[in-house]
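What follows is one structure encoded as structure tokens, with my remarks underneath.
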Amino acid sequence: MLRDFIFWLSTKKSLTNALAERGMRYGFARRFIAGESLEDALNASKELNRESRSISLNHLGENVSTAVEARKVAESYTSMIRALDREKLDGNISIKLTQLGLDFDEGLCQALAREIAATAAGLGRGVEMDMEGAAYTEKTLRIFEAVQREFPITGLAVQAYLHRTADDVERLAALKPKLRLVKGAYREPASVAVQKKSQVDENYRKLIATLLDGRFFPAIATHDPAMLDHARGIIRERKIPADKYEFQMIYGIRRDLQAQIRGEGHALRIYVPFGTEWCPYFMRRLSERPANCLFVIRNLVAESFRSHA
């Protein structure tokens with residue numbers, strides 16, 4: 001109910017414009033967004049590196065509609081990789097294929113993704129492809145397979161709530177890839193994705209066990225304590241070395257769990273989003289936990305008091 005309400009709010013331009021105007025100025029958006037510029041994201045990444053956490057930079061944005069826009073995004077991705085190398089930061093980048101022209105030219109999208117991966121590989125860096133809505137799943141898999149065969153440093157996110165994901169994981173096993181396991185954040189119909197949280201959790205548990213069977217490099221991306229406990233139990237039982245997997249969490253989310261995971265000696269990568277088009281991402285983060293909404297409300301109330309003081 002709350003999630004649906006916030007998704008509805010995210011379609012209201014008056015609200016999202018107000019959030020975009022105030023979010024960075026008054027600081028509440030910075031709980032979940034590193035900032036609007038690459039420099040902001042690099043500064044946040046330096047702090048995370050000091051805490052022994054690697055990072056994955058994510059430049060927020062929406063689908064592009066022209067080849068010129070797609071190439072411009074590709075250039076920004078390669079700039080991010082070079083900036084990480086220049087600053088000697090422990091990190092990689094995450095890319096969205098819809099920002100590289102997936103909507104209108106799969107060939108162009110694949111060529112640009114290949115260029116980005118080639119730049120990363122040349123600098124000893126990694127690239128992780130985000131998985132977007134279910135309409136893009138098959139195209140994303142095709143592009144990933146083509147790029148990863150040439151540049152094994154390329155990883156991919158897979159979504160536990162999709163009916164097809166277990167089969168997709170088996171399809172990719174021969175590549176021995178890095179796969180980032182997420183639950184899934186898009187609104188999909190029952191024909192495509194399971195709807196109940198308990199079913200998503202069950203799929204997630206099964207996929208954790210599969211990804212930790214030695215054929216993959218798993219990135220276990222969750223803030224769910226039960227899923228984290230399940231993963232750590234399998235790691236202990238199978239005596240899996242700490243360099244054969246990692247946990248991933250999102251900037252500003254469950255910082256208590258981040259500290260706990262890192263304190264236990266597990267590798268932890270933080271997904272660091274930045275950019276001017278941060279509002280849709282921000283609304284999704286709000287929808288995930290009521291506490292996130294309360295955090296923003298408290299800051300908006302504090303802002304109101306300051307403006308009338």
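Listed here are the residues, each with its yes/no results for (1) touching a residue at least 12 places away in the same chain (Cβ under 8 Å); (2) touching a helix residue (DSSP H, G or I) at 6+ places or on another chain (Cβ under 6 Å); (3) part of a loop (DSSP other than H, G, I, E, B); (4) not hydroxyl-bearing (Ser, Thr, Tyr).
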residue	(1), (2), (3), (4)
149	yes, no, no, yes
152	yes, no, yes, yes
158	yes, yes, no, yes
173	yes, no, no, yes
187	yes, no, yes, yes
190	no, no, yes, yes
202	no, no, no, yes
205	yes, yes, no, yes
219	yes, no, no, yes
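Here are 186, 136, 161, 204: which of them is surrounded by fewer than 18 Cβ atoms within 10 Å (Cβ to Cβ) and among the hydroxyl-bearing types (Ser, Thr, Tyr)? Working first, answer last.
Details: 136 fails: surrounded by fewer than 18 Cβ atoms within 10 Å (Cβ to Cβ); 161 fails: surrounded by fewer than 18 Cβ atoms within 10 Å (Cβ to Cβ); 204 fails: surrounded by fewer than 18 Cβ atoms within 10 Å (Cβ to Cβ).
So the residue among 186, 136, 161, 204 that is surrounded by fewer than 18 Cβ atoms within 10 Å (Cβ to Cβ) and among the hydroxyl-bearing types (Ser, Thr, Tyr) is 186.
Criterion first (under 26 Å from residue 61 (Cα atoms) and at pLDDT 95 or above) does residue 147 satisfy it? Can you show your working first?
Working: under 26 Å from residue 61 (Cα atoms): yes; at pLDDT 95 or above: yes.
Yes: the conditions hold for residue 147.
What are the pairs with Cβ atoms under 7 angstrom where one residue, in the range 239-264, is at pLDDT 95 or above and the other, located anywhere, is of a type in the set (S, T, N, Q) and not in a helix (DSSP H, G or I)? Sequence gap at least six, or different chains.
Matching pairs, first to second residue: 262/52.
Kindly indicate whether residue 123 is surrounded by fewer than 22 Cβ atoms within 10 Å (Cβ to Cβ) and under 30 Å from residue 49 (Cβ atoms). Let's see the steps before the verdict.
Values: surrounded by fewer than 22 Cβ atoms within 10 Å (Cβ to Cβ): yes; under 30 Å from residue 49 (Cβ atoms): yes.
Yes: the conditions hold for residue 123.
Pick from 37, 76, 54: which is within 22 Å of residue 260 (Cα to Cα), surrounded by fewer than 19 Cβ atoms within 10 Å (Cβ to Cβ), of a type in the set (Ser, Thr, Tyr) and touching a strand residue (DSSP E or B) at 6+ places or on another chain (Cβ under 8 Å)?
The unique qualifying residue is 54.
Regarding residue 145, is this residue among the acidic types (Asp, Glu), within 24 Å of residue 80 (Cα to Cα) and assigned to a helix (DSSP H, G or I)? Break it down stepwise before answering.
Working: among the acidic types (Asp, Glu): yes; within 24 Å of residue 80 (Cα to Cα): yes; assigned to a helix (DSSP H, G or I): yes.
Considered against the rule, which asks whether it is among the acidic types (Asp, Glu), within 24 Å of residue 80 (Cα to Cα) and assigned to a helix (DSSP H, G or I), residue 145 comes out as yes.
On the given criteria, is residue 244 at positive phi and among the basic types (Lys, Arg)?
No: the conditions fail for residue 244.
Restricting to the range 221-252, give me the number of residues that are surrounded by 12 or more Cβ atoms within 10 Å (Cβ to Cβ) and part of a loop (DSSP other than H, G, I, E, B).
Qualifying residue count for the region: 7.
Looking at 87, 170, 132 in this structure, which one is more than 22 Å from residue 273 (Cα to Cα) and of a type in the set (Asp, Glu)? Give the steps one after another, and end with the answer.
Values: 87 fails: more than 22 Å from residue 273 (Cα to Cα); 132 fails: more than 22 Å from residue 273 (Cα to Cα).
The conditions single out 170.
What number of residues in the range 49-79 are under 16 Å from the mean Cα position of the chain (by Cα) and part of a helix (DSSP H, G or I)?
Residues in the range 49-79 being under 16 Å from the mean Cα position of the chain (by Cα) and part of a helix (DSSP H, G or I): 1 in total.
Determine whether the range 282-300 contains at least one residue that is in contact with a Gly (Cβ under 9 Å, 6 or more places away or on another chain) and modelled with pLDDT of 95 or more.
no
Sort out which residues of the range 98-116 are in a helix (DSSP H, G or I) and more than 11 Å from residue 74 (Cβ to Cβ), and write them in order of number. If you could, list the steps in order and put the result at the bottom.
So the first thing to find is which residues in the range 98-116 are in a helix (DSSP H, G or I), and the list is 98-100, 106-116.
Answer for the range 98-116, where residues must be in a helix (DSSP H, G or I) and more than 11 Å from residue 74 (Cβ to Cβ): 98, 106, 107, 110.
Failed condition for residue 195, given (1) at negative phi; (2) in contact with a helix residue (DSSP H, G or I) (Cβ under 8 Å, 6 or more places away or on another chain), with all others met?
Among (1) at negative phi; (2) in contact with a helix residue (DSSP H, G or I) (Cβ under 8 Å, 6 or more places away or on another chain), the lone unmet condition for residue 195 is (2).
Would you mind finding the one in 95, 116, 153 that is of a type outside the set (Asp, Glu), in contact with a Gly (Cβ under 6 Å, 6 or more places away or on another chain) and at pLDDT 95 or above?
Numbers: 95 fails: in contact with a Gly (Cβ under 6 Å, 6 or more places away or on another chain); 116 fails: in contact with a Gly (Cβ under 6 Å, 6 or more places away or on another chain).
After ruling out the rest, the residue left standing is 153.
The values are calculated or read from the model by the stated rules, or taken from the named source; none is laboratory data. As the structure is a computational prediction, the values presented were derived from the model and not from experiment. Cβ coordinates were reconstructed from backbone atoms using ideal geometry, including for glycine residues, and neighbour counts include every protein chain displayed.
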